[in-house]
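**Student:** Sharing a structure with you now.
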Amino acid sequence: MVGGHTEQDPTKKEYTDFAWKAVKGINDQASNNGPYYYVPIKVVKATTQVVAGLSTNLEVLVGESTCKKGELQAHEISASNCQAKEGGSRALYKVNIWEKPWENFEQFNVEKIRDVAANEQI
C-alpha cells in the first residue's frame with residue numbers, strides 16, 4: 001500500500017545495523033543515567049513507510065553493556081568492543097530512521113518505550 005506501513009523482517013542485518021547506529025541517541029537520552037552504555041540486543045519489530053524518502057520504524061531491545069561511560073565516547077561503541085552485560089538492565093526503545101539517499105540525508109529519533117525486566121521474554 002502506497003504511503004502505508006509495511007511490516008519487515010526484524011532479523012535482517014540492515015535493521016541490526018540501524019539499531020547500532022541509533023546507540024548514540026539512545027545513550028544520550030536522560031533515561032540512561034546508569035554508569036554503563038546501552039547496546040542493542042535484538043530488533044523486535046521493523047516497519048517501513050515510503051514518505052519523502054523512506055521512514056523505518058524499529059522497536060529495539062537494548063541492554064546495559066560492559067562499556068563504562070567515560071572510558072569510551074558514545075560514537076565509539078560497536079558490536080566488536082561492547083557486549084551486553086549478563087544480568088544488566090534492559091529497556092525497549094522506538095527508533096525512527098528517515099532517509100533521503102538522493103540528498104545524503106539520514107535522521108534518527110529515539111524514544112524510550114519502557115524498562116524490561118531481566119526475566120521477561122521479548
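Read-outs: derived from the displayed coordinates by stated rules, not from any lab. Fair warning: this is a prediction, and the values are worked out from it, not measured in the lab. Virtual Cβ from ideal backbone geometry, glycine too; neighbours counted across all protein chains shown.
**Student:** Counting only residues 5 or more places away or on other chains, whose amide H sits under 5 Å from the amide H of C67 once H atoms are built in the peptide plane?
**Tutor:** Hits under the 5 Å cutoff: Y37, Q83.
**Student:** For K69, which lysines qualify as cross-link partners when the Cα separation must be under 22 Å and same-chain residues fewer than eight apart are set aside?
**Tutor:** Excluding near neighbours in sequence, the set is K21, K24, K42, K85, K112.
**Student:** Dipole of the chain, Cα-centred, from +1 at each Lys and Arg C-beta and -1 at each Asp and Glu C-beta, to the nearest 20 debye?
**Tutor:** Numbers: 14 positive and 16 negative charges, 36 e Å.
Using Cβ point charges on Lys, Arg, Asp and Glu, the chain gives about 180 debye.
**Student:** Now for a separate question. Compute the separation of the alpha-carbon centres of segment 50-116 and segment 1-44 and state it in Å as a whole number.
**Tutor:** Segment 50-116 and segment 1-44 have Cα centres separated by 4 Å.
**Student:** Then there is this: How big is Rg to Rh over the chain, alpha-carbon atoms, Rh as the Kirkwood inverse-mean-distance radius? Before the final figure, lay out the partial values.
**Tutor:** On the way: Rg = 14.6 Å, Rh = 14.8 Å.
Computed over Cα atoms, the ratio is 0.98.
**Student:** Scan segment 1-105 for GluC sites (Glu not before Pro) in coil per DSSP, keeping those whose Cβ has at most 13 other Cβ atoms within 10 Å, and list them by number. Walk me through the numbers on the way to the answer.
**Tutor:** Working: sites: E7, E14, E59, E64, E71, E76, E86, E99, E103; in loops: E71, E86.
Passing both the DSSP loop test and the Cβ count: E71, E86.
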